[in-house]
1. Quick check on my filter: what residues within region 149-172 are farther than 13 Å from ASP187 by Cα and either of a type in the set (Gly, Ala, Ser) or in contact with a helix residue (DSSP H, G or I) (Cβ under 6 Å, 6 or more places away or on another chain) (or both)?
2. Against the definition (part of a helix (DSSP H, G or I), open to solvent by less than 100 Å² (accessible area, probe 1.4 Å) and touching a helix residue (DSSP H, G or I) at 6+ places or on another chain (Cβ under 6 Å)), how does ALA294 come out, yes or no?
3. How about region 242-260: which of its residues are part of a loop (DSSP other than H, G, I, E, B) and open to solvent by 80 Å² or more (accessible area, probe 1.4 Å)?
4. Those residues that are buried (at least 21 other Cβ atoms within 10 Å of the Cβ), farther than 20 Å from GLU239 by Cβ and among the polar types (S, T, N, Q), I need them from region 180-225; list them, please.
5. Please name all residue pairs, on different chains or six or more residues apart, with Cβ atoms under 8 Å, provided the first residue is in region 210-226 and is touching a residue at least 12 places away in the same chain (Cβ under 8 Å) and under 13 Å from LYS175 (Cα atoms) and the second residue is assigned to a helix (DSSP H, G or I) and of a type outside the set (Asp, Glu).
6. Pick from CYS171, CYS167, CYS151, CYS182: which is of a type in the set (A, V, I, L, M, F, W, C), out of contact with any strand residue (DSSP E or B) (no Cβ under 6 Å at 6 or more places or on another chain) and closer than 23 Å to VAL278 by Cβ?
7. Of the residues that make up region 227-234, is at least one touching a Lys or Arg at 6+ places or on another chain (Cβ under 8 Å) and either of a type in the set (D, E, K, R) or open to solvent by less than 10 Å² (accessible area, probe 1.4 Å) (or both)?
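The values are calculated or read from the model by the stated rules, or taken from the named source; none is laboratory data. The shown structure was predicted, so the numbers you read here are calculated from the model rather than taken from an experiment. FYI the Cβ positions are ideal-geometry reconstructions off the backbone, even for glycines, and counts take in every protein chain you see. For the accessible areas, the whole protein counts, side chains as well, though only heavy atoms, and no ligand, DNA or RNA atoms are used. Shrake-Rupley method; radii C 1.70, N 1.55, O 1.52, S 1.80 Å.
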Amino acid sequence: MGRLRTSDYEDLRNARILENQARMASLGLHKTASELRLIASSVRPTNLRKYSKKDYTLTPLRRSDRLKHSDHRLKHSSTATANKRPNRVSLRRSGRLRGKEGGVSEESVEESEESFGTTPSSEERRPANMPLVKLGGLELQLSPEYSARRCDSKGRGSLYDPVYGICCHFCRQKKLCGEEDCKRCSDLDMDEPCIGKTDCSACHSSNGVLCRACLMVRYGEEMDEVRKDKKWMCPHCVEEKGINPYWICNSSLCLRKRKMVPTGIAIFRAREMGYKSVAHLLMDKLQRTNKVIARR
């Protein structure tokens, strides 16, 4: 069979198109197709999701009355909950962590009413880096193996302890600190503060507990300088008192409360852009965003 020329192919194609159109007209399909197109163009979908632009403006962070030092609430709650909450609390621990301190049973650990926030006045409150843990007449000490491992990491600590470790607000690692002079983490002296974790002079809450590494990477502050400053305040209290505008806590928990996306590991990007820490990067970003919104 010989090849069709281009003109012959076009003539054959046009003939088939006319034949199909005549067949559709005889069946009444032309009218139906036009009606369907008209209906489809007139009806608009109603289930489309509306686009909502994320607002990254500085919004106030919600805080409970317990953290705002409401004296009225503390006076009533201390008397009402003293009879309801027991002093002895059984701590759940996995089999891997049981017996870690050499015969320390779960029943021997007691938590005071301080952990529940029922102290009668703010003056009697212990610092957040010195939570009270009562021991049932036991004298505890770390094993030589754990003592040797404790100071391996000075930033966040290398020894995890669910009972005696103090949780960092940012990384949420409940570890014994790696400071050599810390009596709480080395000798397990519960009457001493942990010098490897910060404490806010205003709120004395867990929001102001930061380890050395998170304090430097996320907020650009040195632990030694913060330890010497008796009036140091956490970012929550700095924002609440209006001391430094746009200075906020950039932990994932606090950013989600603001309906903001957590920054993740942003220290490398911040340092490449010339910022001292992630908090300085975020502060500049919020300030520029608010200026753009104000111009509109």
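1. Correct list: SER153, GLY155, ARG156, GLY157, SER158, LEU159, CYS168, HIS169, PHE170, CYS171.
2. So ALA294 fails the test.
3. Within region 242-260, ILE243, PRO245, LYS259 meet the criteria.
4. If the condition is that a residue be buried (at least 21 other Cβ atoms within 10 Å of the Cβ), farther than 20 Å from GLU239 by Cβ and among the polar types (S, T, N, Q), then no residue fits.
5. These pairs meet every condition: LEU210/ARG218; LEU210/TYR219; ARG212/MET223.
6. CYS171 is the lone residue from the list that is of a type in the set (A, V, I, L, M, F, W, C), out of contact with any strand residue (DSSP E or B) (no Cβ under 6 Å at 6 or more places or on another chain) and closer than 23 Å to VAL278 by Cβ.
7. The answer is no, given that none of the residues of region 227-234 is touching a Lys or Arg at 6+ places or on another chain (Cβ under 8 Å) and either of a type in the set (D, E, K, R) or open to solvent by less than 10 Å² (accessible area, probe 1.4 Å) (or both).
Okay, residues lined up against (1) surrounded by 16 or more Cβ atoms within 10 Å (Cβ to Cβ); (2) in a helix (DSSP H, G or I):
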{"residue": "VAL238", "(1), (2)": "yes, yes"}
{"residue": "PRO262", "(1), (2)": "no, no"}
{"residue": "TYR275", "(1), (2)": "yes, no"}
{"residue": "LYS285", "(1), (2)": "no, yes"}
